[in-house]
Amino acid sequence: MKNETRGKTIKIIFWTVLVTVAVLGTSYALFSEVLLGKKHYVLESGGLKVYLDESKHDTNITVSNSLPVIDEVGMNNDAYKFSLVNEEEENLEYTIYLKEDEVENQTPSEMIKYYYTRDIDDIKVKRIMPEQQDEEGNYFLETGVLPAKSTYNYTFRMWLSYEADERAMETEYSVHLEVNAKQSLYIYKDAILAGCDPVLSDNLTSVLIDSEGTVRKVSPSKKWYDYTNQEWANAVVLVDDTKEYLEGEIIPEANIESYFVWIPRFKYKIFNDTVYTGLTALEDRVQEIEVEFENKDTAISNGTTTGSWLTHPAFTSFDTNGFWVGKFESGYKGANSTGAAQVNSSDSAKLQIKPNAYSWRNITVGNAFKASYDYLRSDESHMMKNTEWGAVAYLQHSKYGSRRSVRNNNHSSYKTGYASILEPTLGYSATSILGNLYGTTTDITVSYNAEIGYTASTTGNITGVYDTSGGAWEYVMGYNVNENTPGGDSGLVGIYDDFFTNSKWEKYYDKYSNLVADNTKYETGLLGDATREMGPFGDVTNPDGSTRHRTSWHSDQAHFVHPSNPWIIRGGNWICGAESGIFAFASYTGRVHEEISFRVVLAP
């Protein structure tokens, strides 16, 4: 590195290497060493080693670079070399950065150029002048994960920029390397999910829920879900998120604000591409839906015909590996009666998602959307879309779910997480059946955390999603764009005046286009939304004389959106009996109704 045209030098002093190892959040400062003399120097902590090759350098590494040089010259100067070595069985997360030393007559940092390479299988990482700085002004050189039993080798160079002025030739610039490392926490992965494992944000705590409903903190490094055995991942939002829970410690119900269930990204084999233009006759079309999990880096499947594969549209809008769905219908925090939960408000602070809560009803689509949207903005919270409902339904009827009719929640007070003691198969009212059997019309329901209660879950066990059949109807973000007044009676335009004109909102709702006042225009349904694919459709007359359009999947209700009722509602309500179900759909105006609630989704 000779350049003796001028007599001035810039010194590069690599004098300290700080190695910090943090295990499970605890940091220990282990080293603060000064490199002295000529030696092959090694700092070690556990399995992490930092090798500093000092065989060619004194403590003060001097660059005889009296003149500014162009980058092509600087990048070929003699290099300072070091290595990171991981001898552990676990990965190590690391950060390398440069810390400026205080020297007299210091050269301004903007006049200095840096260059380094990392050799990994002949791949070189090259950068000129790190730009990112921490709060103390240190320059990040690199951050990443050092795999178990592996080594990264580095070369580092620094020189005076060709654009430097004469003042820089009279000054010095000094830095030292610092390396921070911590044990990379092993995260459990379910191989069947193909990389679509749950995404845990700071707001979500991974939990295991035992068969009686007791919630315990579980480390994501443990096996906390198994989709092959219909055990879906669960997480909770805490009321007091400053409270730390140990592995296996019970999280009291009083400190749980909301429960969520992970729906991994998947493609499915289209099972019915028939275009249904009205009512015919019902058939028993119930079958197992073929599903394959795939991560968002996989090329999207765009099938349109029976037997072809389609990446489920619920996952493409937000480009995610899955989403968290509210485990129960949304509840109104603090409500101690059915009527107290009927509030037309957008106050997200009142939102809770819990069992044995009064379902939040009598709310417009606009207020339900805003409450959902504002709930956990950093986790892309939003009101459930119709296609997202379809994704849950299709997963439920795949080999990863219960594959049977989801039991009706017939709690007449609209409490979440309940199940009828029997499957209603006759009649409009589940309670009328129970009255015939038991001589009473009083609800005979079972909570979610009991054997019969599991039948109201999408998995047939406590890990699934509840209230998808009965309870309350649920508004979803599925909208007929041919409504005469934008948004119908939803109030959305009053809250967001550009909701139907600004493209930024389009990912938050599914569009339908029915031009006529006909609730059997099933052909305008979307693939994957669990509407048109559930045909053929026909009428069933109930014992009370009422007639309803039904699907060929468990004979669930099937009334499609049209201009007068432009908003889709899903699942049925407690009184609908056999008409309720995970494949049930109907429509309404978007205004308040005491029988209609909503559900929240997170897409972090």
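Nothing in this text is a laboratory measurement; each read-out follows from the coordinates by a stated rule. What you are looking at is a predicted structure, and each value in this text was computed from that prediction instead of being measured. For neighbour counting, all protein chains shown are included, and Cβ atoms are generated from backbone atoms with ideal geometry for every residue, glycine included.
Assorted remarks:
- Cα centroid separation - region 553-591 against region 204-281, whole Å: 25
- If the segment from Asp497 to Lys399 were pulled out straight at 0.36 nm per residue, it would be longer than the present Cα-Cα gap by 30.9 nm.
- Formal net charge of residues neighbouring Tyr268 (Cβ-Cβ distance under 13 Å; K, R +1; D, E -1): -3
- Shape call, region 440-490: gyration tensor on alpha carbons, a/c limit 1.5: oblate
- Taking label points 7 Å from Cα along the Cα-to-Cβ direction, Glu110 and Lys81 give a separation of 3.6 nm.
- Placing dummy labels 7 Å off each Cα toward the beta-carbon, the span from Glu93 to Ala340 is 4.2 nm.
- Taking GluC sites (Glu not before Pro) across region 266-329, the ones in a DSSP loop with at most 13 further Cβ atoms lying within 10 angstrom of their Cβ are Glu283, Glu288.
- Descending semi-axes in Å of region 359-415, equivalent ellipsoid built from Cα gyration tensor: 25, 19, 9
- One chain, two ends: Leu515 and Val73. Fully extended at 0.36 nm per residue, the span grows by 152.1 nm beyond their Cα-Cα distance.
- For region 482-590: rounded, prolate or oblate by the Cα gyration tensor [a/c cutoff 1.5]: prolate
- Taking 28 Å as the limit for the C-alpha separation, the pairs Lys81/Lys222; Lys267/Lys504; Lys269/Lys354; Lys223/Lys333; Lys327/Lys350 exceed it in the case of Lys81/Lys222; Lys269/Lys354; Lys223/Lys333.
- At full extension, Val239 and Glu594 could sit 125.1 nm farther apart than now, given 0.36 nm per residue minus the alpha carbon distance.
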